[in-house]
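Q: Here it is, the structure, as structure tokens.
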Amino acid sequence: MIIKRLRNLSFKSFFILGGVFIRKPFLIVPTYKGTRNTIHTCNDCFGKSHHGDNRANAFRHALWNYMICEQVYRISGSVDSAMEWSKKITDLHEDLSPNSDLARAMDLHNNRIGRKFFAEKIEIELNHIQEFRLMSQKAVKISSLEDIKMIKNELVYIED
């Protein structure tokens, strides 16, 4: 899945992504592990339905950011560095992937929730997958960019 996605990148997008990783090559492996673990977990929990703009997608974006943070934290030892890197990579993903404005805003919002959860729960032993599943069940359905601005701490989704 990850390799397939990389193969489908345009030369420009591949160049941009390469430029990000060339500055911090030691973060390639943790980013890959976090991404791979997220995809495997989402496939196990939701099958292919996490590729829509639904609750499963909200789960995936929050979990992806958490997992990248977790993997990078193991190397850097810094919550701030882990969160900065996760934001950089996942924001770049949104910049390189064609999406409607609302879907992009939804993904960025859910990414932020995942990083926030990481920062708040780093010292607490818990089942983060179960926590994100509960959060996705309570996710708020949105239909406009204004809806997202009003929702601060919940996951959001567009379609059922």
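Q: Could you give me the ³J(HN,Hα) list for the range 127-138, computed from phi with Karplus coefficients 6.51, -1.76, 1.60 and θ = phi - 60°, whole Hz, x at Gly and Pro?
A: Per residue, the Karplus-derived 3J(HN,Hα) values read 8, 5, 5, 5, 4, 5, 5, 4, 4, 5, 5, 9 Hz.
Q: Subtract the Cα-Cα distance of ASN99 and SER78 from 0.36 nm times their separation in residues, and report this length gain in nm to one decimal.
A: So the extension gain works out to 4.4 nm.
Q: Provide the gained length on full extension for the span SER49 to VAL140, in nm with one decimal, where the gain is 0.36 nm per separating residue minus the Cα-Cα distance.
A: Additional length available on full extension: 31.0 nm.
Q: I would also like to ask the following. State the three equivalent ellipsoid semi-axes of the chain, derived from the C-alpha gyration tensor as the square roots of 5 times its eigenvalues, in descending order and whole Å.
A: Three semi-axes, in Å: 23, 20, 15.
Q: Another one. Based on the Kirkwood radius over alpha-carbon pairs, what is the Stokes-Einstein translational diffusion coefficient of the range 94-160 at 37 °C with 0.692 mPa s viscosity, in µm²/s?
A: 257
Q: I would also like to ask the following. How large is Rg over Rh for the range 26-66, taking Rg from the Cα atoms and Rh as the Kirkwood inverse mean of 1/r across Cα pairs?
A: Expressed as Rg/Rh, it is 1.02.
Q: Restricting to DSSP H runs of at least four residues, report the calculated mean residue ellipticity at 222 nm for the chain, -39500 (n - 2.57) per run over all residues, nearest 500 deg cm²/dmol.
A: Rounded to the nearest 500, the figure is -23500 deg cm²/dmol.
Q: Most exposed first by the Cβ proxy, i.e. fewest other Cβ within 10 Å, how do SER76, SER86, SER97 rank?
A: SER97, SER76, SER86
Every number here is computed from the coordinates shown, using simple stated rules; none is lab data. What you see is a predicted model, and the numbers here were worked out from it, not measured in a lab. A quick note on method: Cβ atoms are made from the backbone with ideal geometry, for glycine too, and the neighbour counts reach across all protein chains shown.
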